[in-house]
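The values are calculated or read from the model by the stated rules, or taken from the named source; none is laboratory data. Quantities reported herein were computed from a predicted structural model and do not represent experimental measurements. For neighbour counting, all protein chains shown are included, and Cβ atoms are generated from backbone atoms with ideal geometry for every residue, glycine included.
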Amino acid sequence: MATQSAAVIGLGIVAVVLGAVGIVVAIRTRRRRAEIAPTYGSIGGILYTGVQAGCGGVLLLGGLGLIALVLLAKH
């Protein structure tokens, strides 16, 4: 059972890291695209950034949820 718990915690950590990286990438993309703001805005760029950051946030929260679930199940 300890191996399964460690695997789920590892998966949670990977999800948290990927979620955080996704949010950072969304912010960096938005900053880079500020140079071509009219074009970026006309193709719905801010919507793309919001969706990308939202997906990263869901992944981050899911990873935290997995970790919390394992830690709470041990007690």
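Overview of values
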| read-out | value |
| --- | --- |
| Enumeration of residues in region 30-47 that are among the small types (Gly, Ala, Ser) and outside any helix (DSSP H, G or I) | GLY44 |
| Check on ILE27, part of a helix (DSSP H, G or I) and touching a residue at least 40 places away in the same chain (Cβ under 8 Å) | no |
| Matching option when the condition is surrounded by fewer than 12 Cβ atoms within 10 Å (Cβ to Cβ) and among the aliphatic types (A, V, I, L, M), among LEU61, LEU47 | LEU47 |
| Qualifying positions in region 37-59 - within 30 Å of VAL14 (Cβ to Cβ) and among the β-branched types (Val, Ile, Thr) | ILE46, THR49, VAL51, VAL58 |
| Qualifying residue in region 48-58 (condition: assigned to a helix (DSSP H, G or I) and in contact (Cβ under 8 Å) with a residue 40 or more places away in the chain) | no |
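Results for (1) aliphatic (A, V, I, L, M); (2) more than 29 Å from ALA73 (Cα to Cα); (3) modelled with pLDDT of 85 or more; (4) loosely packed, with under 13 Cβ neighbours inside 10 Å, shown as yes or no for each residue.
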| position | (1), (2), (3), (4) |
| --- | --- |
| SER5 | no, no, yes, no |
| LEU11 | yes, no, yes, no |
| LEU18 | yes, no, yes, no |
| ALA26 | yes, yes, yes, no |
| ARG33 | no, yes, no, no |
| ALA37 | yes, yes, no, yes |
